[in-house]
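Written below as structure tokens is the structure these notes are about.
The values are calculated or read from the model by the stated rules, or taken from the named source; none is laboratory data. Predicted model only: the values in this text are computed from it and were never measured. When we count neighbours, we look across all protein chains shown, and the Cβ atoms used for this are built from the backbone with ideal geometry, even at glycine. Side chains are part of the model used for accessible areas, which takes the heavy atoms of the whole protein and leaves out ligands, DNA and RNA. Shrake-Rupley method; radii C 1.70, N 1.55, O 1.52, S 1.80 Å.
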Protein chains: 2
Amino acid sequence: MYTDATAAEIDAVVKKSWEAFHQYRKFPLKRRADFMRAIAVEMESLGDELLKIVSSETNLPLLRLQNERARTIFQLNSYADACERGEWMEIRIDTEIPDRNPPKPDLRKMMVPLGPVVVFGASNFPFAYSTAGGDTACAFAAGCPVIVKAHPAHAETSEQVAGAILKAAKKMNMPEGIFAHIHGAGFEVGRSLVTHPLTKAVGFTGSFSGGKALFDLSSQRREPIPVFAEMSSVNPVFLLPEKLKQSPEEIARLYGGSITLGVGQFCTNPGLIFGIDSENLDQFISILGTEIKKTIPGTMLHPGIAKAYIDKRKTAISQESVETIAVSEVAPKENQAIATIASASGQAFLNNPVLHQEIFGPYSLVIRCRDMNEMISVAKHIEGQLTSTLMATETDMRNNEAFVEEVKNICGRFILNGVPTGVEVCLSMQHGGPFPATTDSRFTSVGADGIKRFARPLCFQNWTNALLPDELKNENPLALWRTVNDRLTKDAVF
Amino acid sequence: MYTDATAAEIDAVVKKSWEAFHQYRKFPLKRRADFMRAIAVEMESLGDELLKIVSSETNLPLLRLQNERARTIFQLNSYADACERGEWMEIRIDTEIPDRNPPKPDLRKMMVPLGPVVVFGASNFPFAYSTAGGDTACAFAAGCPVIVKAHPAHAETSEQVAGAILKAAKKMNMPEGIFAHIHGAGFEVGRSLVTHPLTKAVGFTGSFSGGKALFDLSSQRREPIPVFAEMSSVNPVFLLPEKLKQSPEEIARLYGGSITLGVGQFCTNPGLIFGIDSENLDQFISILGTEIKKTIPGTMLHPGIAKAYIDKRKTAISQESVETIAVSEVAPKENQAIATIASASGQAFLNNPVLHQEIFGPYSLVIRCRDMNEMISVAKHIEGQLTSTLMATETDMRNNEAFVEEVKNICGRFILNGVPTGVEVCLSMQHGGPFPATTDSRFTSVGADGIKRFARPLCFQNWTNALLPDELKNENPLALWRTVNDRLTKDAVF
């Protein structure tokens with residue numbers, strides 16, 4: 001339906017984005033924020049027509065899409081507020097000491113934007129992590145223009161949302177080139193965008209192979225640029241003995257829901273569940289199996305994802321010593337996923353890296369560990385994750401401090417007695433984690449701290465007050481929090 | 001004198017560092033800070049014997065070394081204070097909303113350390129950017145153990161300072177492996193350290209070729225890790241017309257001093273000076289030439305640096321259309337540098353990338369631009385820099401806003417009417433900048449914000465108050481600044 005952008009088109013788009021950057025980066029925080037709020041308004045006004053389009057492209061149910069749209073609008077508005085509040089700017093002021101030997105100059109630091117940001121739409125979040133999603137909102141807040149590469153699986157949705165952004169840009173008198181929308185089903189478009197010398201950062205949510213390829217392209221550039229790719233996570237869940245004994249049914253029901261939510265198509269889907277071999281674990285597995293059997297197969301986002309699920313699931317359950325516990329009893333139609341749980345021993349897990357891999361869809365593997373020592377061993381062998389979850393009583397936690405510390409070290413979000421699915425949009429959220437969950441564990445793609453992916457500190461030395469940006473002026477006209485001579489304050493500088 | 005560490009030795013050291021990491025990261029902020037303060041005390045108590053050693057290894061004068069030692073001690077103490085003050089932890093708390101649909105869980109985020117950090121000693125700062133220098137201090141504050149690769153040009157100094165760190169570690173009951181010291185004159189030692197799977201971050205200050213090689217090694221690891229390399233900068237200075245007209249003599253004297261300070265061996269040495277062709281510029285060049293001629297040649301840090309200076313200077317001044325203006329009149333002895341200034345036209349600069357390169361030593365090239373438009377063109381062609389400097393009146397600034405914006409975009413520190421040499425240690429300092437000045441413009445290697453290079457956010461979801469780390473507990477026992485429900489406060493959470 002849409003043809004891939006050519007190299008010449010991409011070059012023109014990035015150059016225009018670079019020009020817009022030099023305008024947009026000078027705009028005050030309020031003007032950036034108002035632009036983001038205008039995008040939210042335009043998105044809302046696309047109404048339910050938009051939902052029909054995206055539903056037909058992604059097979060996602062209307063209720064889910066309504067919620068995701070609301071979340072996307074909330075993101076735009078809440079990151080706009082954070083942009084204006086300006087804490088992400090990390091303003092530091094150290095006033096001069098002229099009579100020191102040598103004299104100490106006046107130094108003032110704030111964040112400035114990196115430049116044009118390329119955002120890759122995600123297949124599983126056509127709104128929230130795509131065209132006007134979190135990466136785009138963070139980049140606009142930071143002061144960067146955005147170039148979105150539409151996800152080919154929801155290109156029309158992306159086109160519609162891009163239209164809303166462009167409409168808002170026009171209304172708010174943004175420079176031409178503040179936003180561009182590019183189609184590309186092949187890898188070549190992504191490559192051209194990421195390797196263009198005027199592209200200064202990249203945001204990506206998707207597969208490990210896709211994210212890692214972009215990271216490699218960036219590292220090999222003459223001028224490497226930051227790539228934040230959120231890629232791959234199996235989100236391990238650990239069932240500790242006392243908790244498992246207390247409530248095996250409740251946990252099984254909770255996880256039956258979490259594993260199959262949204263046909264398992266979340267980056268925080270719990271793909272590995274560890275417990276210690278026992279009657280309680282048997283009971284848990286049995287009830288979880290009953291839940292899984294009841295699951296009605298759901299249609300996946302697109303045929304490519306359905307095929308990958310079918311293939312990877314088949315590989316996983318055919319591994320030596322893996323036993324299939326339960327599958328959904330209703331036969332799947334084309335492009336639908338059979339919810340599945342299987343089990344294997346801790347030793348099998350330690351010996352077979354295939355069992356560590358993410359299977360994107362409603363699949364989870366229960367690992368029967370011999371004892372807590374084996375559970376510590378498996379925790380040490382797990383790669384970086386977006387989330388880890390403990391189902392544990394306070395006694396479980398106190399008795400296994402070394403284990404808890406191991407699990408803490410592998411994840412970006414550490415959940416106690418809950419499920420990893422469901423990612424709140426708020427400042428305290430960390431949606432990130434050690435590699436291969438992301439390419440840089442020091443950043444997040446959810447919450448307004450995600451703005452910092454696209455900004456860098458700039459220090460002004462010995463500038464006169466009149467010439468300084470408003471953020472750094474003595475009188476603090478924007479009433480921002482600033483660290484002045486090591487003290488956090490909103491006071492003016494005297 | 002010292003032999004290079006073998007691969008087996010390095011493996012053992014990094015493994016021990018990894019073990020220490022699991023102890024040290026649990027230590028409270030105060031205990032980390034006290035350890036850093038103890039290092040400062042031990043360094044001080046090495047006394048003037050240490051200065052003799054380092055002076056013989058680096059040819060640096062005693063006064064400079066006294067100052068650098070004082071600065072290093074100040075860094076350790078001031079980053080220790082910042083570590084305890086905890087603002088770098090960026091604590092965010094969003095309390096639960098149980099009656100929302102779906103219920104909002106309690107979420108609390110803080111910084112946790114990355115793991116063992118490898119620090120490469122710098123040749124030009126045997127104290128402040130070496131063994132117990134800024135990178136080491138930042139890593140300890142973040143909760144990371146450190147492995148220092150000594151710079152071969154001051155290996156004995158490094159050995160002495162390492163002894164002080166180990167003594168402090170013992171006194172403060174730090175885990176074995178909290179610090180290790182490795183010798184290596186060849187590249188192989190660095191490679192083994194950076195590619196070891198348990199190394200989790202790297203700090204480097206030095207040449208572009210050295211830093212970029214480490215960055216590439218990291219990018220090619222199975223698990224890429226953050227490398228902060230501070231590499232290469234020519235620190236352009238722009239003389240704006242009105243200012244130049246007002247005080248050509250004063251500026252020339254100021255820059256005569258800055259170019260030759262410390263035999264030009266600073267990463268912030270001003271290597272390029274741009275002005276608009278005019279009588280005033282001629283006058284400036286003439287006085288600067290007089291200053292340069294008076295310079296007594298100084299012995300460089302080591303023969304390798306002296307040779308590189310001689311070679312690069314020769315290449316630079318032999319470029320077509322480059323004219324040598326002045327050299328120091330006293331003949332240099334072995335390993336001494338002849339201070340030099342040369343000039344070329346704006347067009348020659350635009351056409352010849354050789355003229356953009358850093359020449360580490362007392363060398364600066366004055367570029368005669370035709371007019372302000374050409375000055376804007378050259379600013380657009382300059383690569384990323386640690387610093388840019390404007391010599392300008394308020395009128396100059398107001399008349400050339402587009403130019404000022406261009407210059408702002410290429411540097412980490414933007415100086416008005418001053419010199420780039422002299423890097424204050426304070427929170428508002430940015431010692432970093434766009435590539436190739438560093439490998440990641442979003443971080444700094446000077447000031448306590450440098451701690452953030454070695455830490456990542458971790459979010460705790462639904463933890464009970466008793467189990468949370470002290471930093472995140474309701475009652476705020478450490479009295480830290482925290483953002484609670486989007487509001488910055490030191491209050492307890494109710």
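Key figures
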quantity: Residue count for the stretch B:52-70, restricted to those that are open to solvent by 60 Å² or more (accessible area, probe 1.4 Å) and either among the hydrophobic types (A, V, I, L, M, F, W, C) or in contact (Cβ under 8 Å) with a residue 12 or more places away in the chain (or both); calculated: 4
quantity: Qualifying residues in the stretch A:222-258 (those that are within 30 Å of A:Lys452 (Cα to Cα) and acidic (Asp, Glu)) - the one least open to solvent (accessible area, probe 1.4 Å); calculated: A:Glu230
quantity: Any hit, the stretch B:73-86, residues being in contact (Cβ under 8 Å) with a residue 40 or more places away in the chain and among the basic types (Lys, Arg); calculated: yes
quantity: Residue within the stretch B:369-386 that is open to solvent by less than 30 Å² (accessible area, probe 1.4 Å), within 14 Å of the chain's Cα centre (by Cα), at the interface with chain A (Cβ under 8 Å from one of its Cβ atoms) and closer than 22 Å to B:Asn124 by Cα present; calculated: no
quantity: Complete set of residues in the stretch B:387-428 that are open to solvent by 20 Å² or more (accessible area, probe 1.4 Å) and outside any loop (DSSP other than H, G, I, E, B); calculated: B:Glu394, B:Thr395, B:Arg398, B:Asn399, B:Glu401, B:Ala402, B:Glu405, B:Glu406, B:Lys408
quantity: Unmet criterion (only one of (1) touching a Leu at 6+ places or on another chain (Cβ under 7 Å); (2) more than 7 Å from chain A (Cβ to nearest Cβ)) for B:Gln430; calculated: (2)
quantity: Positions within the stretch B:91-105 being at pLDDT 95 or above and within 9 Å of chain A (Cβ to nearest Cβ), in sequence order; calculated: B:Ile91, B:Arg92, B:Ile93, B:Asp94, B:Lys104, B:Pro105
quantity: Residue under evaluation A:Gly275, criteria (1) surrounded by fewer than 24 Cβ atoms within 10 Å (Cβ to Cβ); (2) of a type outside the set (Val, Ile, Thr); (3) in contact (Cβ under 8 Å) with a residue 60 or more places away in the chain, criterion not met; calculated: (1)
quantity: Filter result for A:Gly289 (assigned to a helix (DSSP H, G or I), open to solvent by less than 40 Å² (accessible area, probe 1.4 Å) and under 22 Å from A:Thr387 (Cβ atoms)); calculated: no
quantity: Candidate set from the stretch A:1-44 (those that are touching an Asp or Glu at 6+ places or on another chain (Cβ under 9 Å), within 14 Å of chain B (Cβ to nearest Cβ) and closer than 17 Å to A:Ile451 by Cα); member that is least open to solvent (accessible area, probe 1.4 Å); calculated: A:Arg25
quantity: Qualifying residue in the stretch B:400-415 (condition: small (Gly, Ala, Ser), touching a Lys or Arg at 6+ places or on another chain (Cβ under 8 Å) and more than 7 Å from chain A (Cβ to nearest Cβ)); calculated: no
quantity: Candidate set from the stretch A:444-454 (those that are more than 7 Å from chain B (Cβ to nearest Cβ) and not charged (D, E, K, R)); member that is farthest from the chain's Cα centre (by Cα); calculated: A:Phe454
quantity: Neighbours by Cβ (under 6 Å, 6+ apart or cross-chain): first from the stretch A:457-472, farther than 13 Å from A:Pro105 by Cβ and facing another protein chain (nearest Cβ under 7 Å); second charged (D, E, K, R) and outside any helix (DSSP H, G or I); calculated: A:Pro457/A:Lys109
quantity: Test: residue in the stretch A:118-129 that is more than 21 Å from A:Phe266 (Cβ to Cβ) and in a helix (DSSP H, G or I); calculated: no
quantity: Residue that is within 22 Å of the chain's Cα centre (by Cα), among the β-branched types (Val, Ile, Thr) and in a helix (DSSP H, G or I), where the choices are A:Ile53, A:Ile39; calculated: A:Ile39
quantity: Filter result (assigned to a strand (DSSP E or B) and in contact (Cβ under 8 Å) with a residue 40 or more places away in the chain) within the stretch B:313-335; calculated: B:Ile325
